[in-house]
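The values are calculated or read from the model by the stated rules, or taken from the named source; none is laboratory data. Treat the numbers as computed from the prediction; the structure is a model and nothing was measured. Positions of Cβ are backbone-derived with ideal geometry, glycine not excepted, and every protein chain shown enters the neighbour counts.
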2 protein chains.
Amino acid sequence: MPRHIPIVLCRNCALYKTALVLGLESPAQEALHEVVIRNHPIEKGQPLFYAGDPVRHLYLVHSGSCISYDGAEPRQVRGFHLPGEIVGIEEMDEERYNHTACALEDGSLCQLDVSRLEEALEAEELIKVQRYLLATAAAHARQLQKERLITGLPNAEQRIGAFLYNLGQRFQSHGFPALQYRLPMSREEMASYLGLAPETVIRMLKKLAAKKWVRVRTRQVEILDPDALQALLTRTPPNLTKIKSAAKN
Amino acid sequence: MPRHIPIVLCRNCALYKTALVLGLESPAQEALHEVVIRNHPIEKGQPLFYAGDPVRHLYLVHSGSCISYDGAEPRQVRGFHLPGEIVGIEEMDEERYNHTACALEDGSLCQLDVSRLEEALEAEELIKVQRYLLATAAAHARQLQKERLITGLPNAEQRIGAFLYNLGQRFQSHGFPALQYRLPMSREEMASYLGLAPETVIRMLKKLAAKKWVRVRTRQVEILDPDALQALLTRTPPNLTKIKSAAKN
DNA sequence: CGAGATGTTGACGACCCTCAAGTGCAGTGG
DNA sequence: CCACTGCACTTGAGGGTCGTCAACATCTCG
């Protein structure tokens, strides 16, 4: 019995917005269809692209979710992509991917043709698209920054808790409930992502549940005390050396 | 006795390139001076900006280096900025910083006025600048991705080794030797960044030195076996589940 | 040269990884 | 519909890694 299956409405779809901007500039609406492929279905486990493949499209997750692995082999998990998020935007200006992405569950994607986009930019037509892409890339960098911070927390409980909280925030930013969602990934994938053993992930989930901060039933997550989870991001007392309080001239 | 003091030549300076593009479009060369402040000196420990400050400038590290802390208090280290790197690019489209940056050592910065940049973009003048900013933001995201991977390595030796290797790569990409450099940060700052105890950092440095992979004398680093360090990024044998080898229709 | 910060070392204990066994869930075929 | 099978998930025991604390060494800067 599927409860919440997150699906991004097209009016909330980042690529669709871009496509609209693109489309509005061109004489006919049909141009839109040339640039964006909407609702491209994808099955669980199927690859979007492999490391080494040429960069052809931006992919927006419409429903379902994706995982990306560092390099060609699925050794270490590089990141997760939730509905509403764009896969591969940081590779936009590169020739080839240096990672591999595939679907974690059945779902659908929107594709935007990168070379088309490049042409549009060459033609100096679409300042809006440029600004949009820049803002999206910057936002992506901010999310990565958060992920690095989470991954760098000193103990496993903090990492897991902050990870769950961050996932909720990401769901929320695309219109889904922040405090109740279904984990798209396995314990093993979470573990690989965070640099932990799968057993540790399980034990920490249990520990957080024992504190009544979350409720977890296999993949279903309910966040009971978001503030407590967020507080895990702040390390305990030990401060570093103070910033010199000199006023610049 | 200062050995290598990394200084970015202005022709290698990312902001200067941007400024040149900007300058060329304007009637007089003086416009350049309005947008970019070059060689702004900064003392060790002095802040570039605090969390909550309005975003006014992009800062490029010309010489010396910077550190950034999450939030207002210097609790956890968010990242380091080496000569040739830009501080705050992922905040470019935000109102205010949500982190604090300050100088790790005496040095100098180039500043680029963000509002001026915005005006230039509004005027649809400077496609080149846009493309440059987009490429820079994407490259920054790729670097953050690497940092997340390093930070998420399962044991301390891997994290320290990969961190040293990555620092070398970053130096190299701005024209400095990759295998011989001076650490701009303390052990404690490294530790905070990687989620470790300072003592562990010291012990792992010693361990890497015992393997003849690096030589470390306080802050002076010499990388003896870069391949071995790079290999630390790859986790040991345990692979994850295979990617479904189904061909997309 | 002295004082304070930074770096280093050792002992001990907590945390987390490893290994191995067992449980539950989902998809498949009888 | 239900047993079967495979995989994900869970649990426990034991050992290695890393954090903590305290003492000491070294470096830096005035």
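With respect to A:CYS102, is the statement that it is free of Cβ contacts under 8 Å to residues at least 60 places away in the same chain and farther than 19 Å from B:HIS140 by Cα true? Judged against the criteria, A:CYS102 is a match. In the range A:179-237, the residue that is nearest to DNA strand C (Cβ to nearest atom) out of those that are within 30 Å of A:GLY45 (Cα to Cα) and of a type in the set (S, T, N, Q) is A:THR200. Hey, can you tell me all the residues within the range A:61-95 that are β-branched (Val, Ile, Thr) and farther than 22 Å from A:LEU149 by Cα? The answer is A:VAL61, and nothing else.
So that you can scan it fast, the table gives a plain yes or no per residue for (1) closer than 24 Å to A:SER115 by Cα; (2) at pLDDT 75 or above:
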| site | (1), (2) |
| --- | --- |
| A:PRO2 | no, no |
| A:ALA14 | yes, no |
| A:PRO27 | yes, no |
| A:GLU34 | yes, no |
| A:GLU43 | no, yes |
| A:ARG78 | no, yes |
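Within the range B:66-91, the set of residues being surrounded by fewer than 21 Cβ atoms within 10 Å (Cβ to Cβ) and of a type in the set (A, V, I, L, M, F, W, C) comprises B:ALA72, B:LEU82. With (1) more than 9 Å from chain B (Cβ to nearest Cβ); (2) at pLDDT below 95; (3) more than 23 Å from the chain's Cα centre (by Cα) as the list, and A:TRP213 as the residue in question, which single condition is left unmet? Of everything listed in (1) more than 9 Å from chain B (Cβ to nearest Cβ); (2) at pLDDT below 95; (3) more than 23 Å from the chain's Cα centre (by Cα), A:TRP213 misses just condition (2). Taken over the range B:144-192, the criterion of being hydroxyl-bearing (Ser, Thr, Tyr) and away from chain A (no Cβ under 11 Å) is satisfied by B:TYR165, B:SER173, B:TYR181.
Each row is one residue, and each column tells you yes or no for (1) part of a loop (DSSP other than H, G, I, E, B); (2) of a type in the set (Lys, Arg).
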position	(1), (2)
B:LEU48	no, no
B:VAL61	no, no
B:PRO83	yes, no
B:GLU105	yes, no
B:SER108	no, no
B:ARG116	no, yes
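Screening A:ASP106 on (1) modelled with pLDDT under 85; (2) farther than 22 Å from B:LEU144 by Cα shows it passes everything except condition (1). Can you find even one residue in the range A:83-104 that is facing another protein chain (nearest Cβ under 9 Å), in contact with a Pro (Cβ under 8 Å, 6 or more places away or on another chain) and polar (S, T, N, Q)? Checking the range A:83-104: at least one residue is facing another protein chain (nearest Cβ under 9 Å), in contact with a Pro (Cβ under 8 Å, 6 or more places away or on another chain) and polar (S, T, N, Q).
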